[in-house]
Amino acid sequence: MFFELARAIKETMPKVFLGENVKGLLSHDNGKTFSTISKIIDELGYYLVPPRVLKAVMYKVPQKRERIFLVGIRKDLKDKAEFHWPSPYHRVLTLRDTFYKGELYDCDVPESIGQKYPKRKAEILSKVPMGGNWRDLPEDLQKEYMKGSFYLDGGKTGMARRLSLDEPSLTLTCAPAQKQTERCHPIETRPLTVREYARIQTFPDSWEFSGSESSQYKQIGNAVPVNLAKAMGHSLIRLLNDMEKL
């Protein structure tokens with residue numbers, strides 16, 4: 001997709017551009033991928049601000065999500081202003097802030113569609129405490145749930161994982177009930193609903209998602225958290241305003 005971004009930049013030559021991707025972009029293919037991206041940005045006539053991996057949880061997002069951000073400034077404007085990364089919010093928000101009336105939302109989370117667990121999976125997950133995972137199950141249930149994974153190395157802490165109301169969510173994926181990245185509701189034995197997913201990404205409750213249930217989960221899971229995007233947007237506005245002043 002970067003080449004599509006490069007094409008759009010070449011055709012429009014904006015003063016500034018913004019890109020976002022998974023943090024592994026920096027190390028992909030031993031750094032060769034990012035080296036190619038940097039070279040193309042330079043050839044397009046842009047200065048690449050040294051990239052940063054931002055933690056969404058620092059920007060009023062109740063989610064432990066990390067993403068790399070690329071900010072490019074057209075070279076003829078580079079010396080007219082300096083880009084300032086957004087300042088962190090004053091505290092870390094949790095799922096309790098997300099699902100109930102409070103600082104983030106003025107009401108409890110609305111009801112919405114959502115996936116359901118098969119009967120046996122629900123029976124097993126009901127025995128996992130808030131904030132726990134497969135290691136909190138009796139050994140016989142660990143083996144039944146984990147199957148071959150039980151004997152493999154690694155923490156596998158995403159398996160049979162129940163979120164905690166008193167912590168931010170783990171990074172959302174494109175589906176709420178994948179075995180390797182389970183995201184069970186903190187106090188109810190079920191996957192997160194579409195609206196709960198959306199709130200963890202800080203979408204307003206008025207935002208409507210279209211398509212099938214699985215498509216809606218995917219749209220939300222792939223999105224940039226709204227409050228993080230807002231923080232970056234304010235930084236870009238500041239940069240553009242500083243350019244105008246000079």
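General observations
- Residue 56 meets the conditions (1) buried (at least 17 other Cβ atoms within 10 Å of the Cβ); (2) of a type outside the set (Ser, Thr, Tyr); (3) over 23 Å from the mean Cα position of the chain (by Cα) in every case but one. The failed one is (3).
- The one condition from (1) over 24 Å from residue 163 (Cα atoms); (2) modelled with pLDDT under 95 that residue 22 does not meet is (1).
- Among residues of segment 152-190 being in contact with a helix residue (DSSP H, G or I) (Cβ under 9 Å, 6 or more places away or on another chain) and not in a loop (DSSP other than H, G, I, E, B), the one that is surrounded by the fewest Cβ atoms within 10 Å (Cβ to Cβ) is 180.
- Residue within segment 21-39 that is open to solvent by 40 Å² or more (accessible area, probe 1.4 Å), in contact (Cβ under 8 Å) with a residue 60 or more places away in the chain and under 30 Å from residue 195 (Cβ atoms) present: no
- Residue 216 meets each of the listed conditions (1) within 20 Å of residue 70 (Cβ to Cβ); (2) crowded, with 19+ Cβ neighbours inside 10 Å apart from (1).
- Candidates 97, 76, filtered to the one that is among the charged types (D, E, K, R), open to solvent by 40 Å² or more (accessible area, probe 1.4 Å) and part of a helix (DSSP H, G or I): 76
- Single unsatisfied condition, residue 102 versus (1) in contact with a helix residue (DSSP H, G or I) (Cβ under 9 Å, 6 or more places away or on another chain); (2) in contact (Cβ under 8 Å) with a residue 24 or more places away in the chain: (2)
The values are calculated or read from the model by the stated rules, or taken from the named source; none is laboratory data. Bear in mind that the values here come from a model prediction, so they are computed numbers and not experimental data. Please note: Cβ atoms are built from the backbone with ideal geometry, for glycine as well, and neighbour counts cover all protein chains shown. Accessible surface is based on the protein model in full, side chains and every heavy atom, while ligands, DNA and RNA are left aside. Shrake-Rupley method; radii C 1.70, N 1.55, O 1.52, S 1.80 Å.
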